[in-house]
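The values are calculated or read from the model by the stated rules, or taken from the named source; none is laboratory data. Computed from a predicted structure; not experimentally measured. Every residue, glycine as well, gets a Cβ built from its backbone with ideal geometry; the counts of neighbours run over all protein chains shown.
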Amino acid sequence: MTNARRTGVATRLSLVVVMALAAALSVGLVPAPPADAQISSLPIQFSDVSIFATNSVRIDNGARVTSGHVVVNNASPGGMLVPGFELGLNNNARTPAGYAAVADSLKLSNGAVVSGNAFFNNLSNSGTISGTQNTPLALPVFTPLPTFKSAPPGTVDVTVASGAVQTIAAGNYRDITVMNNATLRIDQGVTNVRSITVSTGGKLHFLNLASGRTEVRVAEQLTIGNGFFVGPVDSDPLKAGKIIFYVASPSTTTVAVDTGTGGTLLANVYAPNGTLILDNNTNAVGAFLAKNIDVQNGSTVGLESFFSQQAPAITSANATTFTVGQAGSFTVTTTGFPTPSITRSGAALPSGVTFTDNGDGTGTLSGTPAAGTGGTYAITFTASNGVPPDAVQNFTLTVNQAPAITSANATTFTVGQAGSFTVTTSGFPPPSITRGGAALPSGVTFTDLGNGTGTLSGTPAAGTGGTYAITFTATNTAGSSPTQNFTLTVNQAPVITSANSTTFIVGQAGSFTVTTTGFPTPSVTQGGALSKNVPSLKNLILNLVTTEAFLTRLP
């Protein structure tokens with residue numbers, strides 16, 4: 001069949017399949033797939049693919065795929081590993097029963113065996129196909145491709161000396177180099193690097209995979225020497241599906257990933273721009289995606305896919321604290337495949353704070369809370385990716401606000417009468433209030449009520465009239481208020497405390513002091529008639545001085 005004819009048949013078949021799927025979805029015969037799920041017209045699932053290339057695959061002499069489909073997604077424009085064929089099985093190479101070999105053109109050399117079904121548009125067969133042969137084949141086989149993840153590397157190099165063992169946290173690094181027979185342990189999480197080089201006998205161990213998946217995002221190349229080990233620290237091949245290398249590799253780099261001979265690779269690799277080489281006698285378990293994949297002599301490939309559909313989970317904490325007037329940020333993280341989207345609901349966010357779904361399985365709660373927004377906000381995050389059930393997290397955003405005293409700075413009590421004044425504050429958490437300055441008058445106390453208010457109250461005792469210069473200070477976890485200078489005035493009713501009589505002698509100067517108590521300072525006035533022995537009021541003067549009055553007769 002000519003290429004033109006193959007293309008025409010494949011296109012018509014693709015249209016028929018797409019129309020059938022659309023009709024089924026529209027009437028609810030099949031559930032809608034996740035937005036970025038890999039869809040195929042063939043009866044195969046992307047999560048069951050162990051070798052996936054966009055240009056070509058070669059399974060070399062004696063190499064075996066022990067589990068998983070082998071798929072070349074597109075018709076190659078050229079540069080195939082087996083000239084003229086997107087998928088080639090060389091002498092005595094083998095793919096497993098129960099899994100398909102799928103490519104636009106398929107070549108089997110002497111002794112090669114496809115133990116399952118074969119899907120193709122062009123076949124050259126000097127080997128054996130044990131399953132059914134299916135043609136024509138609609139291309140591409142799967143669409144869309146999985147999301148490729150990348151991020152800028154760091155600026156710090158990591159070099160593990162020969163024979164040494166070193167552990168690093170997930171994070172951003174520049175170039176990682178593991179020397180001969182050295183071991184580098186990387187903790188669970190996302191690590192961004194420029195390049196990784198593992199020398200002969202070197203090991204890359206991944207820790208704490210029970211806590212979640214691990215991603216290593218490589219900007220350039222992953223190069224591994226002979227006799228290597230890359231995978232879980234406990235060498236459990238079932239955990240290979242929790243590790244993935246995203247290898248970007250510049251377009252000028254032909255080989256993105258190259259393993260040495262005789263090693264073990266228990267991880268997934270996604271290198272869409274270059275060639276992945278599994279060198280002679282490599283034992284690889286995972287799912288391997290690249291432009292070209294070369295499984296060299298005697299190597300084996302098994303399936304443990306990172307790309308298996310996984311219901312979403314929210315893995316970040318369920319609370320955070322911001323402060324009014326200060327920029328804050330919190331990252332919501334998730335797991336799941338396809339990559340979950342994140343939505344927020346519940347209470348409205350405080351003014352100045354927003355939530356953004358970053359589109360990569362994370363979301364960012366960030367901003368500067370405006371004045372007066374202190375408090376707690378009960379919100380909800382929901383992660384969804386089309387694989388039930390959605391993950392729902394009840395989340396508390398606490399906004400702290402520095403305290404301020406909002407009540408007046410003075411009050412007046414009266415001796416013998418019960419008085420009360422409430423000190424009020426703003427701020428979150430509710431501030432505590434302390435009193436300083438002068439001692440309070442007897443009978444008056446101050447109590448912090450523990451809710452952002454305090455009470456100055458009591459019945460001032462006799463003799464306590466006066467002014468009291470005290471201070472109030474409010475404090476919470478966001479800081480302390482400026483000290484408020486506060487004046488308590490205690491009024492006291494006036495009382496004349498001097499004797500109620502005196503005697504003057506005619507012709508002799510006399511004096512008597514009238515005394516009082518009370519606050520404010522009482523004024524003293526004289527009423528009633530003076531003695532008849534006093535000839536004239538004009539000969540008397542009443543001198544008022546502070547709390548004393550002087551009654552004097554002038555000669």
Of the residues Ala493, Ala461, which single one is at pLDDT below 95 and either under 58 Å from the mean Cα position of the chain (by Cα) or not in a helix (DSSP H, G or I) (or both)?
-> Ala493
Which one is modelled with the lowest pLDDT, of the residues in the stretch 173-215 that are part of a loop (DSSP other than H, G, I, E, B), polar (S, T, N, Q) and surrounded by 19 or more Cβ atoms within 10 Å (Cβ to Cβ)?
-> Gln188
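Regarding Thr516, is this residue in contact (Cβ under 8 Å) with a residue 24 or more places away in the chain, part of a strand (DSSP E or B), surrounded by 15 or more Cβ atoms within 10 Å (Cβ to Cβ) and hydroxyl-bearing (Ser, Thr, Tyr)? I'd like the intermediate steps shown before the answer.
Working: in contact (Cβ under 8 Å) with a residue 24 or more places away in the chain: yes; part of a strand (DSSP E or B): yes; surrounded by 15 or more Cβ atoms within 10 Å (Cβ to Cβ): yes; hydroxyl-bearing (Ser, Thr, Tyr): yes.
Yes; evaluated as a whole, the condition is true for this residue.
Quick check on my filter: what residues within the stretch 419-447 are in a strand (DSSP E or B), more than 45 Å from the chain's Cα centre (by Cα) and of a type in the set (S, T, N, Q)? Spell out how you get there, then give the answer.
First, pick out the residues of the stretch 419-447 that are in a strand (DSSP E or B): 419-428, 432-437, 444-447.
From the residues that got through so far, the ones that are more than 45 Å from the chain's Cα centre (by Cα) too are 419-421, 437, 444-445.
Selection gives Ser420, Thr445.
Which ranges mark the strands (runs of 3 or more DSSP E) fully within the stretch 245-364 that have 1 or more residues being in contact with a helix residue (DSSP H, G or I) (Cβ under 8 Å, 6 or more places away or on another chain) and at pLDDT 95 or above? Can you show your working first?
On the way: elements: 255-258, 264-266, 268-278, 283-286, 288-295, 300-303, 310-314, 319-323, 328-337, 341-346, 353-357.
So the answer is 264-266, 268-278, 283-286, 300-303.
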With Gly416, Gly450 as the choices, which residue is surrounded by fewer than 15 Cβ atoms within 10 Å (Cβ to Cβ), more than 59 Å from the chain's Cα centre (by Cα), modelled with pLDDT of 95 or more and of a type outside the set (A, V, I, L, M)?
-> Gly416
Lone qualifier among Thr373, Thr411 - being farther than 30 Å from Pro146 by Cα and either charged (D, E, K, R) or part of a strand (DSSP E or B) (or both) = Thr411
The stretch 145-159, subset farther than 17 Å from Val70 by Cα and in contact (Cβ under 8 Å) with a residue 40 or more places away in the chain, residue surrounded by the fewest Cβ atoms within 10 Å (Cβ to Cβ) = Pro152
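Of the residues Ala378, Ala391, Ala327, which single one is within 22 Å of the chain's Cα centre (by Cα), outside the structural domain of Thr475 (by TED's automatic domain parsing), touching a residue at least 24 places away in the same chain (Cβ under 8 Å) and surrounded by 14 or more Cβ atoms within 10 Å (Cβ to Cβ)? Spell out how you get there, then give the answer.
Values: Ala378 fails: surrounded by 14 or more Cβ atoms within 10 Å (Cβ to Cβ); Ala327 fails: surrounded by 14 or more Cβ atoms within 10 Å (Cβ to Cβ).
Criteria check complete, one pass: Ala391.
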Test Phe85 against the stated conditions and say whether it is touching a Lys or Arg at 6+ places or on another chain (Cβ under 9 Å) and modelled with pLDDT of 95 or more.
-> yes
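Touching a residue at least 12 places away in the same chain (Cβ under 8 Å), farther than 21 Å from Pro146 by Cα, in a strand (DSSP E or B) and touching a helix residue (DSSP H, G or I) at 6+ places or on another chain (Cβ under 8 Å): is that true of Gly231 in this structure? Working first, answer last.
On the way: touching a residue at least 12 places away in the same chain (Cβ under 8 Å): yes; farther than 21 Å from Pro146 by Cα: yes; in a strand (DSSP E or B): yes; touching a helix residue (DSSP H, G or I) at 6+ places or on another chain (Cβ under 8 Å): yes.
Against the criterion (touching a residue at least 12 places away in the same chain (Cβ under 8 Å), farther than 21 Å from Pro146 by Cα, in a strand (DSSP E or B) and touching a helix residue (DSSP H, G or I) at 6+ places or on another chain (Cβ under 8 Å)), Gly231 qualifies.
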Verdict on Lys149 being part of a strand (DSSP E or B), of a type outside the set (A, V, I, L, M) and touching a Phe, Trp or Tyr at 6+ places or on another chain (Cβ under 7 Å) = no
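Taking the conditions exactly as written (more than 30 Å from Pro389 (Cβ to Cβ), buried (at least 20 other Cβ atoms within 10 Å of the Cβ), modelled with pLDDT of 50 or more and not β-branched (Val, Ile, Thr)), does Ala75 satisfy them or not?
Values: more than 30 Å from Pro389 (Cβ to Cβ): yes; buried (at least 20 other Cβ atoms within 10 Å of the Cβ): no; modelled with pLDDT of 50 or more: yes; not β-branched (Val, Ile, Thr): yes.
For Ala75, the condition - more than 30 Å from Pro389 (Cβ to Cβ), buried (at least 20 other Cβ atoms within 10 Å of the Cβ), modelled with pLDDT of 50 or more and not β-branched (Val, Ile, Thr) - is not met.
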What do you reckon, is Ser76 part of a loop (DSSP other than H, G, I, E, B), out of contact with any Phe, Trp or Tyr (no Cβ under 6 Å at 6 or more places or on another chain), over 17 Å from Val141 (Cβ atoms) and not basic (Lys, Arg)?
-> no
